[in-house]
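Enquirer: Let me give you the structure first, and then I'll get to my questions.
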Amino acid sequence: MVWHIYRAEIITPIRGRQRGDISYAMAVEKGEETVIPEEPVLLTLCENNDDALVADFYWPGTGAEFVVTPALIQVAQLAAASSDKDQSQFVMCD
């Protein structure tokens, strides 16, 4: 496995630290190509606590990227609004 580091702009923050630009890491198999969509996407990212990995966040894997639609943004916003604001552990991020 190798890490790919990406930079992204947050257009519509849903939950967590809300900043304009972030970096995130994605683990991929060596030689595997990744496709980064040109259009905005909804991403679930996990906070990076590994000092060896130079990125703010990491992508937890398949099922953490969604096509942007008004309905999905609304679902994400409603879920975030009703979630525990003090939660720091997430199943996807283990």
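The values are calculated or read from the model by the stated rules, or taken from the named source; none is laboratory data. Remember, it's a predicted structure, so these values are computed and weren't measured experimentally. Cβ atoms come from the backbone with ideal geometry, glycine included; neighbour counts cover every protein chain shown. The area values use the complete protein model at the heavy-atom level, side chains included, leaving out ligands, DNA and RNA. Shrake-Rupley method; radii C 1.70, N 1.55, O 1.52, S 1.80 Å.
Enquirer: Where in the range 1-45 are the strands (runs of 3 or more DSSP E), entirely inside, with at least 2 residues that are surrounded by 10 or more Cβ atoms within 10 Å (Cβ to Cβ), on the phi < 0 side of the Ramachandran plot and in contact with a His (Cβ under 7 Å, 6 or more places away or on another chain)?
Expert: 21-28
Enquirer: Continuing with this model, one more query. So is Phe66 free of Cβ contacts under 8 Å to residues at least 40 places away in the same chain and under 17 Å from Asp94 (Cβ atoms) or not?
Expert: No, not satisfied.
Enquirer: Please specify each residue of the range 46-79 satisfying the condition of being aliphatic (A, V, I, L, M) and either under 9 Å from the mean Cα position of the chain (by Cα) or not in a loop (DSSP other than H, G, I, E, B) (or both).
Expert: If the condition is that a residue be aliphatic (A, V, I, L, M) and either under 9 Å from the mean Cα position of the chain (by Cα) or not in a loop (DSSP other than H, G, I, E, B) (or both), then Ala64, Val67, Ala71, Leu72, Ile73, Val75, Ala76, Leu78, Ala79 are the ones that fit.
Enquirer: Find the residue count for the range 50-91, including only residues that are open to solvent by 90 Å² or more (accessible area, probe 1.4 Å), modelled with pLDDT under 90 and within 16 Å of Ala25 (Cβ to Cβ).
Expert: 1
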